[in-house]
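We did not get these values from a lab; they are worked out from the coordinates using the rules stated. For clarity, every value in this text was computed on a predicted model and none was experimentally measured. So basically every Cβ, Gly included, is an ideal-geometry build from the backbone, and we count neighbours across all protein chains shown.
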Amino acid sequence: MGRPVIAIVGSFGYVGSFLTPAFLDALISGRVREVRILASSKAVVEGEKGVALKDVGATVVVVNFARKETLVAALKGVDVVICAMGTGPGSVEARRLLLEAMVMTGVDVYFPSEWGTNHYDTKRMGGLDHTVFAEKKEHWVEVGLKTGLKRVRFHCGMIMESTFGTWAGLDCKKGVWRVPGNGETPIAFTAAKDIGRFALEAALLAFSEPNKIPEALEVVGDTASLKDCATLMDAVSGKKTKLHLLSFQDALTKQSQSKDFLAIFPLLFQAGALNLKREEANGNAILNPNEEIWQLVKLTDFAQQTGGIP
């Protein structure tokens, strides 16, 4: 089938920032024919980041995500679309127009903006949900109605580098973690660099041999409970993390009153929504069996990299 042309939406966002380098490496090595970056801001495209992308051979295109005709023009000749679009105002309509443009231009493979919790697994989710997850599910159904378009949901658990922060109640600098529940539920983590590598391999295989990639793809770098994570970090930092165990029900009540999407994640940790091991993840088995292709970053590695204070 030759080498694919891959378009990335959201390259300048957080998730896009670690997906894009893997695809650029593939472009440089010749595994990909073209990497096309779709961006909404001319200023960003002409700025330092945009120039850096063009310097390594990427094609950077300015589009208006509220105008389908600009998306159609940008996607002509594209084989695979990797979407890392955020969930802000206008994102639902933008994803709908992007989908319509993909169908009109004959895109073969589409990775919608998931890159995290497998919120489709209702058993693991334990009854927890959010409007952001509901919007993603609605989009997934819409994609499934478009015949001829291979859809792939990519779930990677928690992004290792961004989990241990005050947003999740984990104040690493002060050494105080506020944890709903008992902190003993296993959580799947994947390092940002590994997510990019997995995404690249998944995109290439979905393009060349689509039957080998399932619609729901899960990858895992390492798995540990928050209590275990604290022990790993403390072993490197020489400090002692204090775990303040909170009432899960009280945290659930507080979360239900919050509009902040991130507020649900400490509850997901305890509920087991991210409880998956490497040997159980189908993406690991398909894309990097037994880590024979590359070695994954483990939590012990991450602890060393951060001095035990991420």
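Worth pointing out:
- The chain, relative contact order [Cα under 8 Å, separation at least 6], %: 18 percent
- Likely footprinting exposure, Ile6, Ile28, Ile286, Ile82, fewest C-beta neighbours within 10 Å first: Ile28, Ile286, Ile6, Ile82
- Stokes-Einstein, applied to the Kirkwood radius of region 137-231 over Cα pairs at a viscosity of 0.692 mPa s and 37 °C, places its translational diffusion at 210 µm² s⁻¹.
- From least to most packed, judged by other beta carbons within 10 angstrom and beginning with the fewest, Thr300, Thr20, Thr163, Thr190 follow the order Thr300, Thr163, Thr20, Thr190.
- Out-of-range pairs (alpha-carbon distance over 26 Å; input Lys54/Lys298; Lys123/Lys242; Lys68/Lys146; Lys54/Lys76; Lys137/Lys227): Lys54/Lys298; Lys123/Lys242; Lys137/Lys227
- Restricting the calculation to alpha carbons of region 156-206 gives Rg and Dmax of 14.5, 45 angstrom.
- Radius of gyration (Cα atoms) of region 33-125, expressed as a multiple of 2.2 N^0.38 Å: 1.19.
- Once each of the chymotrypsin sites (Phe, Trp or Tyr not before Pro) sitting in a DSSP loop with at most 16 other beta-carbon atoms within 10 Å is removed, the chain keeps 121-293 as its longest stretch.
- Across the chain, counting alpha-carbon atoms alone, Rg and Dmax equal 19.7, 58 Å.
- Taking amide hydrogens as placed 1.01 Å from N in the peptide plane, the amide H of Leu170 sits under 5 Å from those of Gly165, Arg178, each at least 5 positions away in sequence or on another chain.
- For trypsin sites (Lys or Arg not before Pro), the sites in region 1-109 that DSSP calls loop and that have at most 12 other Cβ atoms within 10 Å are Arg67.
- Loop-located trypsin sites (Lys or Arg not before Pro) in region 259-310 whose Cβ has at most 13 other Cβ within 10 Å (DSSP): Lys259, Lys277
- Springs between Cα atoms under 10 Å define the GNM used for the chain, and in it the highest mean-square fluctuation of Ala285, Ala52, Ala101 occurs at Ala52.
- Across Met233, Met125, Met104, mean-square fluctuation computed from a Gaussian network of the chain (C-alpha pairs under 10 Å connected) peaks at Met104.
- Among Glu218, Glu209, Glu100, the ranking by other beta carbons within 10 Å of each residue's beta carbon, starting with the fewest, stands as Glu209, Glu100, Glu218.
- Principal axis box of region 160-310, alpha-carbon based, largest edge first, Å: 49, 37, 22
- Pair-distance profile P(r), taking every C-alpha pair of region 243-308, with 5 angstrom steps and integer %: 3, 13, 14, 15, 16, 15, 13, 8, 3, 0
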